[in-house]
Amino acid sequence: MPGFPVTALRSVDLCVPDLAAAEAFYATVWGLVPVVRDGGSVWLRATGADHHVLALHAAAAPAIRSVTFAAPDVRAVLASAVAAGAVVLTPPARIDEPGGGFGATLRDPWGSVLRFVTGDERRTPDAPAPDRPERLAHVNLNCTDVDATARFFESGLGFALSDRSKLMAFERCNSDHHAVVLAEAPVNGLNHVAFQMPGWEAVMRGSGRLIDAGHPLAWGVGRHGPGDNVFAYFIDPFGIVVEYTAEVEQVDDSHIVRGPDHWVWPQGRTDQWGIAPPKPAATKAAQLAIRFA
């Protein structure tokens, strides 16, 4: 496996119109643990080594604020990204917020706000829980130009293309089949955020907890094609689509990229197993509704 300048997806920052309700959902129902509360923000961890995987910020309307990646050499990533068309929003400096570290922030040519950090706080992982997230799995971004955005992630940030379906490019920065998915859409913004579960049964157990709490499945349960991961989609109280997932395909430099002709389902099928129903219109609408703040 060649070295990647970006080595992992760490966390996502979301804007929410009711911080208390958001914390209640993501802690009590979704399965994260609050670690810091500071004014109008709260940071939450999963069971893994990341200081936090989600930060919630009080705002007038739901939005995504940023996506944060681990990058050992922040300056080098920034230089490459700027050469590929990005704009620096925050130059490299010590980070004065929970988790700390050294980092920088940029905006890509389509408006996505991306942060890169190194030296941030790590924690001793908890024992695997049967129904709680371990870490972030991937973030899916809507793109008005998937091919151009994929070129930026590959040439500007050093990601590698794992697979290309008709509507999506799957980009990796480590052995996970994808850390970023780029989805063709009429708008740029957030499609959904996926949280890694310990296995397929954890996806089912977590989904049961969501349903018991009054949050119905938004799509799934099923098994995706590209990435081979099990999935269950939900919509949070503010219209943000979140996913439990597990068992993503592990790849190395021998992986052969497969194109749209490979990823074709029989009529009416939406996943490998053939059990996931067609995605509801409300879920499709929610996947287009969240923009970068």
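Of note:
- Sequence-separation-based contact order of the chain, relative, with Cα cut under 8 Å and 6+ spacing, percent: 18 percent
- Where N is the number of residues in region 88-136, Cα Rg divided by 2.2 N^0.38 Å: 1.51
- Remark: region 170-249 carries a charge dipole of roughly 160 debye about the Cα centre, counting +1 on each Lys and Arg Cβ and -1 on each Asp and Glu Cβ.
- Charged-residue dipole, Cβ positions (Lys, Arg, Asp, Glu), region 8-118 about Cα centre, Debye nearest 20: 180 debye
- Principal axes of region 135-286: Cα extent on each, largest first, Å: 44, 34, 32
- Relative to the globular-protein estimate of 2.2 N^0.38 Å, the Cα radius of gyration of the chain stands at 0.93.
- Selection from 173, 155, 124 lying farthest towards where the dipole of the chain points positive, charges on Cβ: 155
- Dipole moment magnitude, nearest 20 debye, the chain about Cα centre, only Lys, Arg, Asp, Glu C-beta charged: 340 debye
- Positive-end residue, the chain charge dipole about Cα centroid, Cβ charges, pick of 197, 104, 16: 16
- Förster radius 45 Å - calculated FRET efficiency between residue 282 and residue 75 (Cβ-Cβ, nearest 0.05): 0.55
- Residue-span extension gain [residue 97 to residue 28] - 0.36 nm each, minus C-alpha spacing: 22.5 nm
- Taking every alpha-carbon pair within region 8-118, the share separated by more than 18 Å comes to 51 percent.
- Order of 262, 224 - criterion: other Cβ atoms within 10 Å of each residue's Cβ, fewest first: 262, 224
- For the chain, with +1 on Lys and Arg beta carbons and -1 on Asp and Glu, the positive-most of 67, 222, 293 along the dipole: 293
- Here is the P(r) of region 177-252: all C-alpha pair distances, binned every 5 Å from 0, give 3, 15, 25, 25, 17, 10, 4, 0, 0 in whole percents.
Readers should treat all values here as calculations from the given coordinates under stated rules, not as data from a laboratory. Because the structure is a prediction, the values reported are computed rather than measured. So basically every Cβ, Gly included, is an ideal-geometry build from the backbone, and we count neighbours across all protein chains shown.
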